[in-house]
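Student: Here it is, the structure in full.
The values are calculated or read from the model by the stated rules, or taken from the named source; none is laboratory data. All values reported here derive from a predicted model rather than from experimental measurement. Every residue, glycine among them, receives a Cβ derived from its backbone with ideal geometry; neighbour counts consider all protein chains shown.
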Amino acid sequence: MEQTLGAFRGPDAPDLDELRTCVHCGICLPQCPTYRVLGEEMDSPRGRIYLMRAAAEGRIGLTPTFAHHLDLCLGCRACETACPSGVKFGSLLEATRIQLRRHGPPPRHRRLEDVILSVFPEPARLGVALAAFRLYRRSGLRRLVRATRVLRPFPRLAALEALLDDVPAAESLPPLIPARGTARGRVGLLTGCVQRHLYPGVNRDTARLLALAGYEVVVPRAQGCCGALELHAGRAEAFRSRARALAAAFPDDLDFVVANAAGCGSAMKEYGRWLPATAGFAARVRDVAEVLVEADLPLGPLPLTVTYHDACHLAHGQRVRQAPRALLRRIPGLTLVELGDSDLCCGSAGVYNLLEPALARELLALKVARIVETGARVVATGNPGCLLQIAQGCRQRGLDVTLVHPVELLARAVAVRAAGRRGASAPPSEASETD
Amino acid sequence: MPLSPGLVGDLQRILGPEGLVLSHEGRLVYECDMHTFYKGAPDAVALPSTTAEVVAIVRLCREARVPIVPRGSGTGLIGGAMAPSGGVMVGLNRMNRILEVDLPNRCATVQPGLINLSLTKAVEARGWFFAPDPSSQMVSSIGGNVSTNAGGPHCLKYGITSNHVLGLELVTGRGELVTLGGKVADHPGYDLTGVAVGSEGTFGLVTAITVRLVHVAQAVKTILASFADLEDASEAVSAIIAAGIVPAALEMLDELMIRAINEGTGAGYPKDAAAVLLIELDGPAEEVEAQGERAARICWERGALEVRVAQDAAERALLWKGRKEAAGAVGRLAPTYLLQDAVVPRSKLPAIMRELGAIGARHGVQIANVFHAGDGNLHPLILYDDRNPDELERAKAANEELLHACIAMGGTVTGEHGVGLDKAKNLPLQYGDADLNFMYRLRGVFDPQRLMNPKKLLPAHPACGEGWRPPRPRLPEGAWI
């Protein structure tokens, strides 16, 4: 007989004990982006937990209104950081979305979600789509579209159109990159879907830095998507098959599996919750900053003022806050200025900015306003979604601000140091160092 | 009783579709505040953005004779922001702007939904702060603080909310917009600001608040002292105050609470201690230094295991984060709890702590303690699992016994959380019939129809539910002994 928990049925139901850990104190409220914008209890973490609990207790059903408030959640998990009782909101939300997907009303933007989820997690299809986009941009069609504002009646399509500026040419990494200097170990590199196509430089820099840090870097060709987008959309079956495949694509003898996209790393670290067989793989997953912060990289000076945006799935999902900052501070000449509300979601949240463009735009405006306050011309952040979203926000406000992944700055600092060393003017103290 | 379509239509016209919550699910999440024991969903939730909207809501509800329940951030601990009689809940959280900061006059005017800590954050760079600091200050609204006359750790030295409110803009239950008090300290006539602070929404809805700002002290020292015995810690508290030291804050936490906090925030409180005192001193540097040494000596003399001074702002912040998130961290111990707010004379602390232990043992319930020791303001959290009816009954019995023990020692039924629905029934323990009748008549001046936050603050008459007349017998002799 199928197990039921109020309105929830079958496997993957939210854990009632976990829901009951919430004592309704509300400390999460001011940290929640949707509560800050909407000012409604049911669009706050406390309110959403209350709704989930009411559903688990059979007080309400999986109604369209219930689904609406749960769908409006960005899944940023800032509430988890704030929660003194340790409520694991992220997995409660994921479980609820799985239930909604199976037993609830159809999602409001199902068709768009279907399209997005049939392209994004498929590197080959995404590659084709982006090649088409490149053509669209370069043929002058984009100028025509923007001038005629034909996309105005389609806010979600317009959001997608605005998000992408240029698409770099595809490049791929060799399957094995040997360690440089003293060998520290062997790591696998997740190349991701969006990262691979939109930020190939980030993958290249990540691999180089890892090699320089003494790691042999394995880049499995067969790797696909991590499944995070599907997990967040409640598509449990698709997520599980991707997770299983990804874990199998990496050899077992790796010290770490390194992700440079916060959203992917966060989902992979939690594979065990959904697929116990992958728990061993999940335990080896690290964000690139966690690995590099332990290494001693030869960094040359970069006279830049940089601010750092905490990607939600790095700061809240993985609790990695200090490592990227520490790495940036190690770059000589680089001034790191703190960003106000640095860990408030920028509105990207996977594909949220495409599904809920209005709310995402408000959050982006808040983020850009805080960036302007810092005076920094460079913003570093460890997630491709944030990079795209914030870059778009800065572009639209006409700001001369460059978005980078921290590894790009580190790689550049390494290059500066190497160039200095090759030149005759390299100071002897540098040359005497061994690394 | 559902609202009439006419009223709903009028409210929608004023507030727009985003400003009125009517869905079953939406109303459900407003059925309780942090005191989840009391539940009552409103028939609608109005979320106004302007004072004019608030006035219009009150006038419409008054005409329709529909109850109004104010709500800020919903962090109250007394069942204040819930709707036992249905009606329209007015969430003031969207009215959260700072209207003016006036440093030469040491004050600021804010909207009621502004989060307490946001005000301090806005002025701290200039060396000022808003002194009332309830532990919920990172989320509770200043309107809610005013409504309950909230206290907080630092009220020991700086005074409670009413000491910091200079003026109010209030939409009375009659729908009038009145201004009480103002920036200037001396206003002719009645101190109506003083009357309205702590009125828990029974007079009307506050739409603007002028508060005093305080300049930060030259030096701050935060000391953590741990004890192997709860009574030793209690005696240290009395000895510190008796020595003439007025700490900015003097807080005590017991073993169970320490465990929850360490797990919750990693505040690093000593693991094996039966009690921890958090002592904060502020003022001129020399004075703070001297008082710090004396306080530390007193702790050592009372058998402290460890006396540690926070070395920097970060360590101090972490010690306070642990304390402030205490109630939230209790979810790690039990899913539900009853929270008392009783006060005892400070000298009775050792005795009441002994009594607390005995009450817990007698009823077989766990009691965690975190409280403002300097004020004698207790916050015992009686833990229970609401799925177990027997446990709930035992918790309730322990709760009542505890309250009566405090009163018997010369204390009061509530210190700083307010009265709300939870403690209204206990007020006759505190006040005489004439006192309660007078309060009822005073309330009638502001809200003759008694539509503002019904069933809160004042006890309902057992027969008619309205107005206080002396019930007989008032209290049976020996009822709680």
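Student: Could you identify the single residue in A:PRO84, A:PRO64, A:PRO14 that is in contact (Cβ under 8 Å) with a residue 12 or more places away in the chain and in contact with an Asp or Glu (Cβ under 8 Å, 6 or more places away or on another chain)?
Tutor: Values: A:PRO64 fails: in contact with an Asp or Glu (Cβ under 8 Å, 6 or more places away or on another chain); A:PRO14 fails: in contact with an Asp or Glu (Cβ under 8 Å, 6 or more places away or on another chain).
After applying the criteria, what remains is A:PRO84.
Student: Mind checking which residues of the range A:68-92 are among the β-branched types (Val, Ile, Thr) and out of contact with any Ser or Thr (no Cβ under 9 Å at 6 or more places or on another chain)?
Tutor: The answer is A:THR81, and nothing else.
Student: So which strands (runs of 3 or more DSSP E) are wholly in the range A:183-299 and hold at least 3 residues that are touching a Lys or Arg at 6+ places or on another chain (Cβ under 6 Å) and within 30 Å of A:PRO332 (Cα to Cα)?
Tutor: On the way: elements: A:185-189, A:215-218, A:256-259, A:285-287.
Counting at least 3 such residues, we get A:256-259.
Student: So which residues in the range B:32-50 are within 12 Å of another protein chain (Cβ to nearest Cβ), farther than 30 Å from B:ARG387 by Cβ and not in a loop (DSSP other than H, G, I, E, B), if there are any at all? Quick ask: steps written out before the conclusion?
Tutor: In the first step, residues of the range B:32-50 are kept if they are within 12 Å of another protein chain (Cβ to nearest Cβ); the result is B:32-39, B:41-42, B:45-49.
Retained after the next criterion (residues that are farther than 30 Å from B:ARG387 by Cβ): B:46-49.
Passing the criteria: only B:ALA46.
Student: If you take the residues in the range B:302-338 that are closer than 22 Å to B:VAL237 by Cα and either in a strand (DSSP E or B) or polar (S, T, N, Q) (or both), which one is nearest to the other protein chains (Cβ to nearest Cβ)?
Tutor: Step by step, filter the range B:302-338, then rank; the result is B:ARG308.
Student: Could I ask something else about it? From the set of residues in the range A:217-259 that are over 25 Å from A:PRO106 (Cβ atoms) and touching a Cys at 6+ places or on another chain (Cβ under 7 Å), which is surrounded by the fewest Cβ atoms within 10 Å (Cβ to Cβ)?
Tutor: Of the range A:217-259, the ones over 25 Å from A:PRO106 (Cβ atoms) are A:217-224, A:226, A:244-259.
Next, only the ones that are touching a Cys at 6+ places or on another chain (Cβ under 7 Å) stay: A:226, A:246.
Working: A:CYS226: 28, A:LEU246: 24.
Applying the filter and picking the extreme gives A:LEU246.
Student: Another question, if that's okay. When B:ALA56 is evaluated against the numbered criteria (1) within 30 Å of B:SER135 (Cα to Cα); (2) not in a loop (DSSP other than H, G, I, E, B), which criterion, by number, is the only one it fails?
Tutor: (1)
Student: Sticking with this structure for a sec: Working only within the range B:318-377, note down all residues that are modelled with pLDDT under 90 and of a type in the set (S, T, N, Q).
Tutor: Residues satisfying the conditions are B:THR336, B:GLN340, B:SER347.
Student: Please specify each residue of the range B:102-132 satisfying the condition of being free of Cβ contacts under 8 Å to residues at least 60 places away in the same chain and touching a helix residue (DSSP H, G or I) at 6+ places or on another chain (Cβ under 7 Å). Step through it out loud before you land on a result.
Tutor: Applying the first criterion (free of Cβ contacts under 8 Å to residues at least 60 places away in the same chain) to the range B:102-132 yields B:104, B:113-118, B:120-122, B:125-126, B:132.
Listed by number, the residues that qualify are B:GLY113, B:LEU114, B:ILE115, B:ASN116, B:PRO132.
Student: Would you check if there is a residue in the range A:112-119 being of a type in the set (Ser, Thr, Tyr), surrounded by fewer than 24 Cβ atoms within 10 Å (Cβ to Cβ), within 14 Å of chain B (Cβ to nearest Cβ) and free of Cβ contacts under 8 Å to residues at least 12 places away in the same chain? Steps first, answer last, please.
Tutor: The first filter runs over the range A:112-119 and keeps only residues of a type in the set (Ser, Thr, Tyr), leaving A:118.
Right, trim to surrounded by fewer than 24 Cβ atoms within 10 Å (Cβ to Cβ) and you get A:118.
If we keep only those that are within 14 Å of chain B (Cβ to nearest Cβ) too, we end up with none.
Checking the range A:112-119: not a single residue is of a type in the set (Ser, Thr, Tyr), surrounded by fewer than 24 Cβ atoms within 10 Å (Cβ to Cβ), within 14 Å of chain B (Cβ to nearest Cβ) and free of Cβ contacts under 8 Å to residues at least 12 places away in the same chain.
Student: From the list A:ALA358, A:ALA349, A:ALA380, which one is at pLDDT below 95 and crowded, with 24+ Cβ neighbours inside 10 Å? I'd like the intermediate steps shown before the answer.
Tutor: Values: A:ALA358 fails: crowded, with 24+ Cβ neighbours inside 10 Å; A:ALA380 fails: at pLDDT below 95.
Result: A:ALA349 is the single residue among A:ALA358, A:ALA349, A:ALA380 that is at pLDDT below 95 and crowded, with 24+ Cβ neighbours inside 10 Å.
Student: Would you confirm whether or not the range B:306-318 contains a residue that is out of contact with any helix residue (DSSP H, G or I) (no Cβ under 6 Å at 6 or more places or on another chain) and closer than 30 Å to A:ARG20 by Cα?
Tutor: The answer is yes; a qualifying residue exists.
Student: Please find, within the range B:136-161, the residue that is farthest from B:VAL69 (Cα to Cα) out of those that are β-branched (Val, Ile, Thr) and within 14 Å of chain A (Cβ to nearest Cβ).
Tutor: Taking the range B:136-161 and keeping what is β-branched (Val, Ile, Thr), we get B:139, B:142, B:146, B:148, B:160-161.
Subset that is within 14 Å of chain A (Cβ to nearest Cβ): B:139, B:142.
On the way: B:VAL139: 19, B:ILE142: 17 Å.
Among those that are β-branched (Val, Ile, Thr) and within 14 Å of chain A (Cβ to nearest Cβ), it is B:VAL139.
Student: Sticking with this one: Go through B:GLY376, B:GLY420, B:GLY357 for me and flag whichever is outside the structural domain of B:SER226 (by TED's automatic domain parsing), buried (at least 18 other Cβ atoms within 10 Å of the Cβ) and touching a residue at least 60 places away in the same chain (Cβ under 8 Å).
Tutor: Details: B:GLY376 fails: touching a residue at least 60 places away in the same chain (Cβ under 8 Å); B:GLY357 fails: buried (at least 18 other Cβ atoms within 10 Å of the Cβ).
Checking each option against the conditions leaves just B:GLY420.
Student: Could you list, in sequence order, the residues of the range A:39-73 that are within 25 Å of B:LEU92 (Cβ to Cβ) and either more than 10 Å from chain B (Cβ to nearest Cβ) or out of contact with any His (no Cβ under 9 Å at 6 or more places or on another chain) (or both)?
Tutor: A:GLY39, A:GLU41, A:SER44, A:PRO45, A:ALA54, A:HIS68, A:HIS69, A:LEU72, A:CYS73
Student: Among what's in the range A:286-325 and is closer than 20 Å to A:LEU189 by Cα and in contact with a Phe, Trp or Tyr (Cβ under 9 Å, 6 or more places away or on another chain), pick the residue that is modelled with the lowest pLDDT.
Tutor: As a first pass, look at the range A:286-325 and keep what is closer than 20 Å to A:LEU189 by Cα: A:286-297, A:311, A:313-314, A:317-318, A:320, A:323-324.
If we keep only those that are in contact with a Phe, Trp or Tyr (Cβ under 9 Å, 6 or more places away or on another chain) too, we end up with A:286, A:290-291, A:295, A:324.
On the way: A:ARG286: 98, A:GLU290: 98, A:VAL291: 98, A:ALA295: 95, A:PRO324: 98.
Only one residue tops the list, namely A:ALA295.
Student: Residues B:GLY444, B:GLY418: which one is more than 23 Å from the chain's Cα centre (by Cα), among the small types (Gly, Ala, Ser) and under 21 Å from B:GLU200 (Cβ atoms)?
Tutor: B:GLY444
Student: When the range B:4-31 is examined, which residues are found to be facing chain A (nearest Cβ under 7 Å), free of Cβ contacts under 8 Å to residues at least 60 places away in the same chain and under 30 Å from B:ASN399 (Cβ atoms)?
Tutor: B:LEU28, B:VAL29
Student: Based on this model, can you work out whether A:ARG9 counts as more than 10 Å from chain B (Cβ to nearest Cβ) and surrounded by fewer than 24 Cβ atoms within 10 Å (Cβ to Cβ)?
Tutor: yes
Student: Given the criteria surrounded by fewer than 19 Cβ atoms within 10 Å (Cβ to Cβ), modelled with pLDDT of 95 or more and either closer than 19 Å to B:THR202 by Cβ or more than 14 Å from chain A (Cβ to nearest Cβ) (or both), does B:ILE98 qualify?
Tutor: So B:ILE98 passes the test.
Student: Can you pull out the residues in the range B:146-180 that are under 20 Å from B:ASP375 (Cβ atoms) and over 14 Å from the mean Cα position of the chain (by Cα)?
Tutor: B:LEU156, B:LYS157, B:TYR158, B:ASN163, B:HIS164, B:VAL165
Student: On to the next question. Do we have A:GLU362 as acidic (Asp, Glu) and touching a residue at least 60 places away in the same chain (Cβ under 8 Å) here?
Tutor: When the stated conditions are applied, A:GLU362 passes them.
Student: Suppose we filter A:ILE371, A:ILE331 for residues that are touching a residue at least 60 places away in the same chain (Cβ under 8 Å), of a type in the set (Val, Ile, Thr) and assigned to a helix (DSSP H, G or I); which single one remains?
Tutor: A:ILE371
Student: Might you let me know whether the range B:239-254 holds any residue that is within 14 Å of another protein chain (Cβ to nearest Cβ), buried (at least 24 other Cβ atoms within 10 Å of the Cβ) and in contact (Cβ under 8 Å) with a residue 12 or more places away in the chain? Working first, answer last.
Tutor: Let us first name the residues in the range B:239-254 that are within 14 Å of another protein chain (Cβ to nearest Cβ), namely B:253.
Subsequent filtering for residues that are buried (at least 24 other Cβ atoms within 10 Å of the Cβ) retains B:253.
Those left that are additionally in contact (Cβ under 8 Å) with a residue 12 or more places away in the chain: B:253.
Yes, because at least one residue in the range B:239-254 is within 14 Å of another protein chain (Cβ to nearest Cβ), buried (at least 24 other Cβ atoms within 10 Å of the Cβ) and in contact (Cβ under 8 Å) with a residue 12 or more places away in the chain.
Student: Let me ask something else. Hey, can you tell me all the residues within the range A:212-236 that are within 21 Å of the chain's Cα centre (by Cα) and over 16 Å from A:VAL285 (Cβ atoms)?
Tutor: A:LEU229, A:GLU230, A:HIS232, A:ALA233, A:GLY234, A:ARG235, A:ALA236
Student: A follow-up question, please. Take the residues of the range A:17-32 that are more than 7 Å from chain B (Cβ to nearest Cβ) and outside any loop (DSSP other than H, G, I, E, B): which is modelled with the highest pLDDT?
Tutor: A:GLN31
Student: Only one residue in B:VAL54, B:VAL123 is among the β-branched types (Val, Ile, Thr), away from chain A (no Cβ under 14 Å), closer than 30 Å to B:ALA185 by Cα and buried (at least 24 other Cβ atoms within 10 Å of the Cβ). Which one?
Tutor: It is B:VAL54.
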